[in-house]
Amino acid sequence: MKNDPGKSILIVEDDISSQQYYTIVLDGLYELQIVPTASDARALLKEHDYVIAIIDLSLPGDVDGIALIKYIRNEISQNLPILAITAHAFSQSRTAAIKAGATEYFTKPILSTDLIDAMKRVQS
């Protein structure tokens, strides 16, 4: 059963501090669903609609953020805006994320104003 997509966003982030950051910055603006793994995200994506996905590229388990982005693009939606975020500022990470289907790419730490601006931009 799919939910009302209204303002729900999916955040795939295993770092507790980053999860808390997203909650502080985005709570009240969006309905947040935060999960720590790509496997958890896949399960939610089958049951819910989202207006944006924020995906950390370095995730625990067998599936990393790049593979999750590819899964979303191939199995879920070509149109869902995806913000790829990583602590690793390597040009090949950016290239891989954009090639996989990320709408935008950021390195941590990301300023709250930059995050919110990007979210507004990809929804318009």
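Rule-based calculations on the coordinates, nothing more; no lab input. Just so it is clear, the structure is predicted and the values come from calculations on it, not from any experiment. Quick reminder, even Gly has a Cβ in these numbers, built from the backbone with ideal geometry, and neighbours come from all protein chains shown.
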In deg cm²/dmol, rounded to 500, what helix-only [θ] at 222 nm does the chain give when every DSSP H run of at least 4 residues adds -39500 (n - 2.57) and the total is split over its residues? -12000 deg cm²/dmol
Exposed-loop cut sites defined as trypsin sites (Lys or Arg not before Pro) in DSSP loop states with at most 15 other Cβ within 10 angstrom; longest site-free run of the chain spans 8-124
Sorted by chain and then number, the residues having a modelled amide H within less than 5 Å of the amide H of F106, at least 5 places away or on another chain, are A84, I85, T86
Could you pull out every whole DSSP H run in the chain that spans at least 30 Å of Cα extent along its own axis and averages 1.0 or higher on the Kyte-Doolittle scale? none
Amide H of S8: which non-local residues (sequence gap of 5 or more, or other chain) have their own amide H closer than 5 Å, using H built in the peptide plane? E31, V51
Amide H within-cut-off set for I34, under 5 Å, with H built and near neighbours excluded: I11
Just the ratio, please: alpha-carbon radius of gyration of the chain over 2.2 N^0.38 Å, N its number of residues. 0.95
Dividing the alpha-carbon radius of gyration of segment 54-124 by 2.2 N^0.38 Å (N being the number of residues), what value is obtained? 1.05
Any GluC sites (Glu not before Pro) in segment 1-88 that lie in a DSSP loop and have at most 15 other Cβ atoms within 10 Å would be none
Computed over the chain: relative contact order in percent, which uses C-alpha pairs under 8 Å that are six or more apart: 23 percent
Using a simple spin-label model with points 7 Å from Cα along the Cα→Cβ vector, what separation in nm is obtained for F90 and S17? 2.1 nm
